[in-house]
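Following: one structure in structure tokens, then a few remarks.
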Amino acid sequence: YVLKPTFTAQQITNLDKQAKLSRAYDGTTYLPGIVGLNNIKANDYANAVLQALSNVPPLRNYFLEEENYKSIQRPPGDIMFLLVQRFGELMRKLWNPRNFKAHVSPHEMLQAVVLCSKKNFQITKQGDGVDFLSWFLNALHSALGGTKKKKKTIVTDVFQGSMRIFTKKLPHPDLPAEEKAQLLQNSEYQEMMVESTFMYLTLDLPTAPLYKDEKEQLIIPQVPLFSILAKFNGATEKEYKTYKENFLKRFQLTKLPPYLIFCIKRFTKNNFFVEKNPTIVNFPIT
């Protein structure tokens, strides 16, 4: 049972109702679902994502019951389905009420990740959690038979929302004013709108201040979640620069998923090194 836990539909329904602690073999107690994942070498970035996903009830319930995806037809020689099987196994181990220990090793799951991502995500070196999340959700979705447009899966049912993206091209800042005004009349400088789906929203942090307070200590700034969410209110414009051109974009959410993932962008790369923004984001619990 420890190697291959199984759940009845009844047990799955009751998972969130019971707060009964389980006792591990060595006498420690744990709450099913709230157990650690071993860090084998440098896979904590992936563990954090897997832990978070294992606590999304509809996704968890779908994967706890193997019947849900046992009979999905895949092309011969398709290795991506390994991700689905291993993720289901890991979910069942994390939520097993009869574990020997209060932690679980994700190594089979991560071996599938290394294989299916063609070694883009490794166990032995740090990866980017957001890149991993994005790749993993899309890979799960297509391995379950989902497509970009029509066919939905549990992944899109739980996490996919939609938005409108308004883009306006800006004239080059060094041009004289009359030339700018003239260009703005052109059709290519008018605002364009595209409808797009998303699996998560990327939130940007205000730049952290460089000054110190009078005690010579660095101030760690704080920001409420609502102010960084303003990016998606349909009115706030943000400038994006590419190698050649500048754009103004604004985002308007049109449909929210039942579970909304926020990725807060903390890292910026400049010429020499990667900087981390330490700003604390305050968010309401309810």
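The values are calculated or read from the model by the stated rules, or taken from the named source; none is laboratory data. The structure presented is a predicted model; accordingly, all values stated were derived computationally and were not measured. Reconstructed Cβ throughout: ideal geometry from the backbone, glycine too, with neighbour counts over all protein chains shown. Heads up: the accessible areas ignore ligands, DNA and RNA and are worked out on the full protein's heavy atoms, side chains in. Shrake-Rupley method; radii C 1.70, N 1.55, O 1.52, S 1.80 Å.
At a probe radius of 1.4 angstrom, the accessible area of the chain per residue rounds to 63 square angstrom. Distance between the pseudo-spin-label points of Thr147 and Ile79 (7 Å out from Cα toward the beta carbon): 2.6 nm. In a fully extended conformation the segment linking Asn68 and Leu248 would gain 60.4 nm over its present Cα-Cα distance, using 0.36 nm per residue. Would you mind classifying the stretch 111-225 by shape? Square roots of the alpha carbon gyration tensor eigenvalues, ordered a ≥ b ≥ c; an a/c under 1.5 is rounded, otherwise it is prolate if a/b is larger than b/c and oblate if not. The shape class here is oblate.
Note on Phe226/Glu108: beta-carbon distance plugged into 1/(1 + (r/R0)^6) with R0 of 25 Å gives a FRET efficiency of 0.05.
When you count the other C-beta atoms within 10 angstrom of each residue and take the mean per peptide, 176-186, 38-48, 86-96 line up highest first as 86-96, 38-48, 176-186.
Comparing Ala208, Asn38, Met91 along the charge dipole axis of the chain, the residue lying farthest to the positive side is Met91, per the Cβ-charge model. What number of lysine-lysine pairs in the stretch 9-158 show an alpha-carbon separation below 21 angstrom, given a sequence spacing of 8 or more or placement on distinct chains? So the count works out to 12.
Within the stretch 241-275, what residues put their amide N at less than 14 Å from the label point 7 Å along the Cα-to-Cβ vector of Ala52? Zone members listed by number: 259-267. Taking every protein chain into account, the 1.4 Å probe leaves Thr207 with about 130 Å² of accessible area, to the nearest ten.
Here the Karplus curve 6.51 cos²θ - 1.76 cosθ + 1.60, taken at θ = phi - 60°, turns the phi angles of the stretch 190-198 into couplings of 7, 6, 10, 10, 10, 8, 9, 9, 9 Hz, with x standing for Gly and Pro.
Only protein heavy atoms count here; on that basis, with a 1.4 Å probe, Val194 has an accessible area of about 80 Å². Charged side chains reduced to their Cβ positions (Lys and Arg at +1, Asp and Glu at -1) give the chain a dipole of some 840 debye around its Cα centre.
Element breakdown for the chain at a 1.4 angstrom probe: carbon and sulfur atoms account for 56% of the accessible area. The overall shape of the stretch 146-286 is oblate: from the C-alpha gyration tensor, with semi-axes ordered a ≥ b ≥ c, the ratio a/c is 1.5 or greater and a/b is no larger than b/c.
Taking Lys and Arg as +1 and Asp and Glu as -1, the other residues whose beta-carbon sits under 15 Å from that of Arg250 total +1.
Each label was represented as a point 7 Å from its Cα along the Cα-to-Cβ direction; for Ala19 and Thr124 these points are 4.5 nm apart. Ranking Thr153, Ile219, Phe166 by Cα position along the charge dipole of the chain, where only Lys, Arg, Asp and Glu carry charges on their C-beta atoms, puts Thr153 farthest toward the positive end.
Remark on Ile264: its backbone amide H falls under 5 Å from those of Leu203, a criterion applied only to residues 5 or more positions apart or on other chains, H modelled at 1.01 Å from N.
Between Thr286 and Ala177, full extension at 0.36 nm per residue minus the direct alpha carbon distance yields a gain of 34.3 nm.
Evaluating 6.51 cos²θ - 1.76 cosθ + 1.60 at θ = phi - 60° for every residue in the stretch 242-259, the Karplus couplings come out as 10, 4, 9, 10, 10, 10, 10, 10, 9, 10, 10, 6, 10, 8, 9, x, x, 10 Hz, glycine and proline recorded as x. Beta-bridge orientation, the chain: approximately 75 percent antiparallel, per DSSP, counting only bridges with both partners inside. Backbone geometry of the stretch 262-271 corresponds, through the Karplus equation with coefficients 6.51, -1.76 and 1.60 at θ = phi - 60°, to 3J(HN,Hα) couplings of 9, 10, 8, 7, 9, 9, 10, 9, 10, 4 Hz, x marking Gly and Pro. Of the labelled figures (i) 24.7; (ii) 21.7; (iii) 16.8, only one reflects mean projected area of the Cα convex hull in nm² as derived from the coordinates, namely (ii). Length available on full extension from Thr202 to Ala9: 0.36 nm per residue minus the Cα-Cα distance, which gives 65.9 nm.
The long axis of helix 107-116 is offset from the longest Cα principal axis of the chain by roughly 50 degrees. Within the shell defined by Cβ-Cβ distances under 13 Å, the residues around Cys263 carry a net charge of 0, with Lys and Arg each +1 and Asp and Glu each -1.
Note down the net charge around Asn277, summing +1 for each Lys or Arg and -1 for each Asp or Glu among other residues with Cβ under 13 Å from its Cβ.
+2
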